[in-house]
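Right, one structure below, let's go through it.
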Amino acid sequence: MGTEFTEALSRTNFSSFDWAIVVVYLSISVVIGLFVKKYVRNMTTYLGAGRAIGTWLGVATMTGTEMGLITVMYNSQKGFKAGFAAFHIALAALIVTFIVGITGFIVCRLREMEVLTIPEFYEKRFDRKTRILGGIMLTLGGILNMGLFLKVGSMFIVGITGLSQDSRALPAVMTILLVLVLVYTVLGGMISVVVTDYIQFVVLSFGMVVTTLICLNKMGWGEIMETVQTLKGVSGMNPLAEGSGFGISYVMWMFFTAGLVSCAIWPTAVARALAMESTQAVKRQYMWSSISFMIRFLIPSFWGICAFVFIMTMAPDLKALFFPADPTAQVVDNLYAMPIFLGRILPAGLIGIITAAMIAAFMSTHDSYLLCWSSVITQDVIAPIMGKNFSTANRIKWTRILIVVIGLYILYWGLVYEGNDDIWDYMSVTGAIYFTGAFSLLVGGLYWKGASSNGAFMALLSGLTAILGLDPVQRLVGLKVVDTDTGDIIRQTMTGDQIGLFTVALTIVVFVLGSFIFPDKPKTIEPAAA
Amino acid sequence: MWQTLWTVLFFVSITIFAGMSVWVSIAGYHDLKRLFKRLNEDQSEDGE
């Protein structure tokens, strides 16, 4: 990307001492995986930690999983681009998660049913074919969703450590990280995940608060506000304003995705609820986690805002890279802004702790997601097909094999995907392939006696419409036309958030109509394949 | 209005989060001890 970029990266405070902190911290994760392996006896302990997680450990592990490096990166990108208007996403997460905690909407009923996965619920409520299709849709959306994790994680490491993105050291570091994750996840399952998430929560929450205080001390809240107001105007404050990049449909989409989906439909979050010791613990966990869910959007957005202000007012070398005066000059990807900014303002020692915590966050997201998707394929696609012949030992073996296979796939996908979506928008769309259908099935299945298995099946399939929200797909089918020279959008029929909302509405309509037109026949109750 | 909203949201949230982090870290540690105690008990029962 040029000598100027390499020169800018080299001005980080990251030192050998910080590398030592990172290595020691990460080694602990592997040791934990080896230590807890002895407790894994069956799928309940491997996937659900024996359903023995208390409230506060549940809050810590939920936050540890959901406050990943990717979360930090995409939210800082939003803050960098949109200023304080991006805070609306945090507000949506707080309000909706708290309401879910108060009411127990979706999550408590799922916990009462004692299922291990959402597709298992599909079979209990509907039928086996719904479970299998649900499992396929979930893993399709989920694996696509995490396809850019490795790429985005590498950008953080490049930005904060100054490690050259062109050297062989970077791919080696990323591969080592992935291998570490695979080792302790394969060995210890959910117990490893819970313990490493807890440690990560402690280190990351401390680090995030201290880093935020340093940002405030260095730059001043008033100055930050004033600079954003001056450079971005009202669109830097009001998410509904013209030019903010959001608008009413986007804000609604955020209440649905950052709010409801993130806490009550996304499998990794729901997996925590299913592992809690009681429904009361679930409600407490969600009420308290609403603050963490908000913070995971708020603080990184704030860092992105600080990065923007820093670049515009204090770092002319970076301003030339991110906002070159020459309109034909190559612009550095704004995902690098926040990590480069942190590399400049954090002192040695603290920068190592933050980096270690962020890398641990990166790993904890991977371990939870890998465990989730692989267990869904094992429990909800393979097991229902194999029936009673599928022993516990084979289930655990297949889950472990799939963890490795999916890990290799995301290595590959991070290299080939070419799209210009913001990372959060990419994740919303790919996730929507799963959660638009899941929303209808969960709400309808839990709260409406008239819901039928055929309606559920059709609703799941209609969730595939969400893929039209992806940038490359939009260009392919003509929903978006872009000037190939400037990259400016010439025409866009529907934005990704509008397609997401449309898909939600479509799945609801299809589910309701399908249930009325093809109701379930009265059936004898059969036990679901566990 | 937006400036006030975001200022209040930010400072109230970070204060609560800081306090909550300390509490969750301590209480979570006790939950972790209980988890391992239960896992050890279950393991002993299986061994009998």
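No value in this document is a laboratory result; all are computed from the given coordinates. Note that the structure is a prediction, hence the values are computed from the model and not measured. We place every Cβ from the backbone using ideal geometry, glycine too, and count neighbours over all the protein chains shown.
Please arrange A:W398, A:W303 by counting, for each residue, the other beta carbons lying within 10 Å of its beta carbon, fewest first. Numbers along the way, then the final one.
Details: A:W398 19, A:W303 25.
Result, fewest neighbours first: A:W398, A:W303.
Per-residue ellipticity at 222 nm computed for chain B from its helices equals -35500 deg cm²/dmol, with DSSP H segments shorter than 4 residues left out and the rest contributing -39,500 (n - 2.57).
I'd like to compare A:227-239, A:18-30: which one has the highest average count of other Cβ atoms within 10 Å, and what's the full order after that? It would help to have the intermediate numbers written out before the result.
Working: A:227-239: 18.6, A:18-30: 16.9.
Highest to lowest by the protection proxy: A:227-239, A:18-30.
Taking other residues whose beta carbon is less than 14 angstrom from the beta carbon of A:Y198, and scoring Lys, Arg as +1 and Asp, Glu as -1, yields -1. Here's how it looks for A:I53: its modeled amide H is under 5 Å from those of A:E277, which are all 5 or more places away or on a different chain.
Modelled spin labels at A:S15 and A:V179, positioned 7 Å past Cα toward Cβ, are 3.0 nm from each other. Taking beta carbons within 10 Å but only from partner chains, what does the mean come to for residues B:1-11? Per residue, the number of nearby Cβ atoms from other chains is 6 on average. What the Cβ-Cβ distance of A:W448 and A:T328 gives, at R0 = 51 Å and to the nearest 0.05, is a FRET efficiency of 0.35.
With the charge dipole of region A:3-517 set up from +1 on Lys and Arg Cβ and -1 on Asp and Glu Cβ about the Cα centre, the Cα lying farthest toward the positive end among the listed residues A:P347, A:L116, A:T465 is that of A:L116.
Distant-in-sequence amide contacts of A:V482, defined by a placed amide H-H separation under 5 Å and a gap of 5 or more residues or a different chain, comprise A:I490. The angle separating the long axis of helix A:453-462 from the principal Cα axis of greatest extent in chain A is about 20 degrees. Going by Cα centres, region A:326-361 and region A:420-465 are how many Å apart? Cα centroid of region A:326-361 versus Cα centroid of region A:420-465: 35 Å apart. In terms of other Cβ atoms within 10 Å, A:M113, A:M312, A:M155 run from fewest to most in the order A:M113, A:M312, A:M155. Per-residue ellipticity at 222 nm, computed for chain A from helices alone with -39500 (n - 2.57) per DSSP H run of at least four residues, works out to -23000 deg cm²/dmol.
Give the average, rounded to an integer, of partner chain Cβ atoms located within 10 angstrom of each Cβ in A:297-304. Walk me through the numbers on the way to the answer.
Numbers: counts 0, 6, 4, 0, 2, 3, 0, 0.
Counting other chains' Cβ atoms within 10 Å and averaging over A:297-304 gives 2.
Approximating the spin labels as points 7 Å out from Cα along Cα→Cβ, the A:K319-to-A:S27 distance works out to 4.5 nm. Extension gain, A:T392-A:V210: 0.36 nm per intervening residue step, less the Cα-Cα distance, totals 61.0 nm. Put one equal scatterer on each alpha carbon of the protein assembly as shown, apply the Debye formula with no solvent term, and list log10 I(q)/I(0) at q = 0.11, 0.12 1/Å to two decimals. With no solvent term, the Cα-only Debye profile gives -1.01, -1.21. Look at the dipole of chain A built from charges on Cβ: of A:S453, A:S290, A:V72, the Cα furthest out on the positive end belongs to A:S453. One decimal place: the segment A:L231-A:L408 gains 59.4 nm when fully extended, by the rule 0.36 nm per residue minus the C-alpha distance.
Neighbours of A:L479 by Cβ distance under 12 Å: Lys/Arg scored +1, Asp/Glu scored -1, total +2. Listed by Cβ neighbour count within 10 Å, with the fewest neighbours leading, A:R11, B:R38 appear as A:R11, B:R38. Counting Cβ atoms of other protein chains within 10 Å of each residue's Cβ and taking the mean over peptide A:209-218 gives 2.
How high is the relative contact order of chain A, given as a whole-number percent (alpha carbon pairs under 8 Å, six or more residues apart)? Working shown, then result.
Values: 852 pairs, mean separation 158.1, N = 530.
The normalised contact order for chain A reaches 30 percent.
Multiply the residue gap between A:S278 and A:K218 by 0.36 nm, knock off their C-alpha separation, and tell me the result in nm, one decimal place. Working shown, then result.
Numbers: separation 60, 0.36 × 60 = 21.60 nm, distance 4.50 nm.
My answer for the length gained is 17.1 nm.
Between A:D488 and A:S249, what FRET efficiency follows from the Cβ-Cβ distance if R0 is 22 Å, with the result rounded to 0.05? Can you show the working numbers first?
On the way: r = 21 Å, r/R0 = 0.96.
According to the calculation, E is roughly 0.55.
So, counting K/R as plus one and D/E as minus one, what does the shell of residues with Cβ under 12 Å around A:P324 add up to?
Residues near A:P324 contribute -2 overall.
Counting only residues at least eight positions apart within a chain, or on another chain, the lysines with an alpha carbon under 27 Å from that of A:K124 are A:K283, A:K388, A:K397, A:K449, A:K521, A:K523.
Charges were assigned to the Cβ only: +1 to each Lys and Arg, -1 to each Asp and Glu. The resulting dipole of the protein assembly as shown about its Cα centre is roughly 1460 debye. Loop-located GluC sites (Glu not before Pro) in region A:207-242 (DSSP state other than H, G, I, E, B) with a sparse environment of at most 12 neighbouring Cβ atoms within 10 Å: A:E242. Using the Cβ-Cβ distance between B:T7 and A:R109 with R0 set to 35 Å, the FRET efficiency from 1/(1 + (r/R0)^6) comes to roughly 0.35.
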